[in-house]
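The values are calculated or read from the model by the stated rules, or taken from the named source; none is laboratory data. Predicted model only: the values in this text are computed from it and were never measured. In this analysis, Cβ positions are derived from the backbone assuming ideal geometry, glycine residues included, and neighbour counts consider all displayed protein chains.
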């Protein structure tokens with residue numbers, strides 16, 4: 001059961017994503033987006049249809065939406081967080097979902113039963129070392145020499161939410177940038193679930 005792919009939209013989203021990454025004028029980030037371009041462009045954001053953006057291009061689509069909401073909230077609440085930090089964190093926070101430098105994190109589900117009964121379009125690649133999405137994201141950024149401020153590093157670390165054991169230590173001490181990212185992610189996921197239920 002293959003998914004229909006809107007290649008025009010996929011290309012448009014990728015061009016926007018690349019352009020926004022380019023605004024950061026970071027040679028390491030340029031190297032990363034060049035080296036992993038196809039994998040980033042085609043990567044889903046999750047494995048199951050009842051989650052969010054579980055389709056080719058879902059990762060980029062989700063990152064663009066989250067970044068847009070972060071900018072809106074930042075302006076509305078007068079947080080005065082630098083645009084560069086919003087772009088870096090919004091666009092890159094889930095990048096660990098592409099996998100490592102050589103291997104994908106999500107691979108297509110080869111079980112028709114899992115696809116039809118569970119809506120699971122992808123499964124996790126068992127050839128990768130076990131690592132959380134946030135940790136793999138931070139490792140990938142480090143591998144390409146992309147520097148982060150303290151608040152940017154923490155925002156990416158906390159991106160998956162405070163309900164994870166590894167993030168509970170930070171509850172009540174999250175940087176504003178981290179809370180902004182979490183709120184934007186929650187808003188985008190909530191909107192998508194509502195749209196799917198209409």
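Tabulated values for the structure
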quantity: Total residues in region 34-58, condition in contact (Cβ under 8 Å) with a residue 40 or more places away in the chain and part of a helix (DSSP H, G or I); calculated: 3
quantity: Boolean, residue 21 is over 13 Å from the mean Cα position of the chain (by Cα), assigned to a helix (DSSP H, G or I) and over 17 Å from residue 160 (Cα atoms); calculated: yes
quantity: Hey, residue 73 under 20 Å from residue 175 (Cα atoms), in a loop (DSSP other than H, G, I, E, B) and in contact with a helix residue (DSSP H, G or I) (Cβ under 8 Å, 6 or more places away or on another chain) or not; calculated: no
quantity: Selection from region 80-106 of residues that are within 20 Å of residue 47 (Cα to Cα) and in a helix (DSSP H, G or I); calculated: 91, 92, 95, 96, 97, 98
quantity: Filtered residues of region 107-122 (kept if surrounded by 15 or more Cβ atoms within 10 Å (Cβ to Cβ) and either in a strand (DSSP E or B) or touching a residue at least 60 places away in the same chain (Cβ under 8 Å) (or both)); calculated: 107, 109, 115, 119, 120, 121, 122
quantity: Search result, residues across region 145-164 that are modelled with pLDDT of 70 or more and over 17 Å from the mean Cα position of the chain (by Cα); calculated: 145, 147, 149, 150, 151
quantity: Members of region 1-49 that are exposed (fewer than 12 other Cβ atoms within 10 Å of the Cβ) and under 22 Å from residue 106 (Cα atoms); calculated: 1, 2, 4, 7, 9, 34, 38
quantity: Qualifying positions in region 124-160 - surrounded by 15 or more Cβ atoms within 10 Å (Cβ to Cβ) and touching a residue at least 60 places away in the same chain (Cβ under 8 Å); calculated: 140, 141, 144, 146, 148, 149, 151, 152, 155, 156, 159
quantity: Failed item in (1) surrounded by 18 or more Cβ atoms within 10 Å (Cβ to Cβ); (2) not in a helix (DSSP H, G or I), with residue 61 passing the rest; calculated: (2)
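The rows are residues; the columns are (1) at pLDDT below 90; (2) under 17 Å from the mean Cα position of the chain (by Cα).
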{"position": "73", "(1), (2)": "no, no"}
{"position": "77", "(1), (2)": "no, no"}
{"position": "81", "(1), (2)": "no, no"}
{"position": "97", "(1), (2)": "no, yes"}
{"position": "108", "(1), (2)": "yes, no"}
{"position": "111", "(1), (2)": "yes, no"}
{"position": "115", "(1), (2)": "yes, no"}
